[in-house]
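Have a look at the structure below, then the notes.
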Amino acid sequence: MEGTARRVTDTDKLRLVAGLWKSKLDWSFEVGDGVFGDLEGRVGLVFRLEPAKVLSFGKDPYSQTRLHFTA
């Protein structure tokens, strides 16, 4: 996948992602000032990808495809 990565700093969006990750993956993150944090004091930045191109490959039978996204 190719595209433009943009940092997510909106508190409401970070809370939404943190809740989804907790419910689906049991990953616990606290939302701080535009970042994720954990109980050990580590900080993580969150990015979203705006896709421009995706390459996909198959093995049986061998195949490939390319998708382009436009704004």
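The values are calculated or read from the model by the stated rules, or taken from the named source; none is laboratory data. Treat the numbers as computed from the prediction; the structure is a model and nothing was measured. Positions of Cβ are generated from backbone atoms using ideal geometry, with glycine treated the same way; all protein chains shown enter the neighbour counts.
Hey, can you tell me all the residues within segment 51-64 that are assigned to a strand (DSSP E or B) and either farther than 10 Å from Glu2 by Cβ or aliphatic (A, V, I, L, M) (or both)?
Matches in segment 51-64: Ala52, Val54, Leu55, Ser56, Phe57, Gly58, Lys59, Tyr62, Ser63, Gln64.
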*Filter segment 14-32 for residues that are within 29 Å of Leu55 (Cβ to Cβ) and in contact (Cβ under 8 Å) with a residue 24 or more places away in the chain and give the result.*
Val17
*Which residues, taken from segment 11-59, are of a type in the set (Asp, Glu), over 24 Å from Phe69 (Cα atoms) and in contact with a Gly (Cβ under 8 Å, 6 or more places away or on another chain)?*
Glu30, Asp38
*Look through segment 1-11, keep the residues that are modelled with pLDDT of 95 or more and among the hydrophobic types (A, V, I, L, M, F, W, C), and return whichever of them is surrounded by the most Cβ atoms within 10 Å (Cβ to Cβ).*
Val8
*Which one of Leu67, Leu39, Leu14 is exposed (fewer than 11 other Cβ atoms within 10 Å of the Cβ) and either aliphatic (A, V, I, L, M) or not in a helix (DSSP H, G or I) (or both)?*
Leu39
